[in-house]
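Participant: Handing you this structure, nothing more for now.
Read-outs: derived from the displayed coordinates by stated rules, not from any lab. As the structure is a computational prediction, the values presented were derived from the model and not from experiment. Counting neighbours? That spans all protein chains shown, and the Cβs are built from the backbone with ideal geometry, glycine included.
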Amino acid sequence: METVHKIGRRKTAVARVYVSEGSGNITINKRELNNYFTTPTLQYKVQQPLMLTENLASYDIKVNVYGGGVTGQAEAIRLAITRALVSINEDHRSVLKPEGLLTRDPRMVERKKFGQKKARKKFQFSKR
């Protein structure tokens with residue numbers, strides 16, 4: 001099996017994932033998974049597609065991620081890994097699709113409008 005390259009996005013985070021056969025090492029920006037994402041919740045999000053397809057120790061994953069915050073980056077990586085697993089084996093789609101892992105979350109930050117303080121918040125109104 002050659003290396004599979006896929007991209008995942010979430011908000012402004014972009015993750016490029018390279019999946020190859022190996023022993024289950026996940027490297028993010030040349031750092032170990034546990035060093036990059038310190039909280040167990042974010043580590044679980046990254047490993048979720050591998051756990052559901054029971055491939056936790058089957059593939060080595062190298063990730064380049066930039067932009068956004070830690071949660072956005074973790075979810076971008078999750079989407080990219082999911083897409084890579086589906087391209088490797090089409091049978092994984094039936095497991096991952098019901099969990100909602102193949103869906104790209106389209107929600108982005110709403111832009112600030114002129115004459116306002118933020119996207120929705122207005123300046124204080126004074127009647128007199």
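Participant: Using a cut-off of 14 Å between beta-carbons, work out the net charge of the residues near residue 108 (Lys and Arg +1, Asp and Glu -1, residue 108 not included).
Facilitator: Result for the local shell: +4.
Participant: Rank these for me by crowding, 63, 95, 109, going from fewest to most other beta carbons within 10 Å.
Facilitator: 109, 95, 63
Participant: So which trypsin sites (Lys or Arg not before Pro) in segment 1-84 pass both tests, a DSSP loop state and at most 16 other Cβ atoms within 10 Å of the Cβ?
Facilitator: The qualifying sites are 30.
Participant: Counting only chymotrypsin sites (Phe, Trp or Tyr not before Pro) that sit in a DSSP loop (anything but H, G, I, E, B) with at most 14 other Cβ atoms within 10 Å, what is the longest stretch of the chain containing none of them?
Facilitator: That gives 1-113 as the longest site-free run.
Participant: For residue 59, what residues show an amide H to amide H distance below 5 Å, using hydrogens built from the backbone and excluding near sequence neighbours?
Facilitator: Amide H to amide H, under 5 Å and 5 or more residues apart or across chains, residue 59 pairs with 22, 24.
Participant: If eta is 0.890 mPa s and T is 25 °C, what Stokes-Einstein diffusion coefficient results for segment 4-96, Kirkwood Rh from Cα pairs, in µm²/s?
Facilitator: Calculated translational D: 192 µm²/s.
Participant: While we're here: Could you name the aspartates and glutamates whose alpha carbon sits less than 18 Å from that of residue 11, not counting residues in the same chain fewer than 8 places away?
Facilitator: Counting by Cα, and skipping residues close in sequence, residue 11 has these aspartates and glutamates nearby: 75, 105, 110.
Participant: Could you work out the helix-only [θ] at 222 nm for the chain, with each DSSP H run of four or more residues adding -39,500 (n - 2.57) and the total divided by the number of residues, to the nearest 500 deg cm²/dmol?
Facilitator: -9000 deg cm²/dmol
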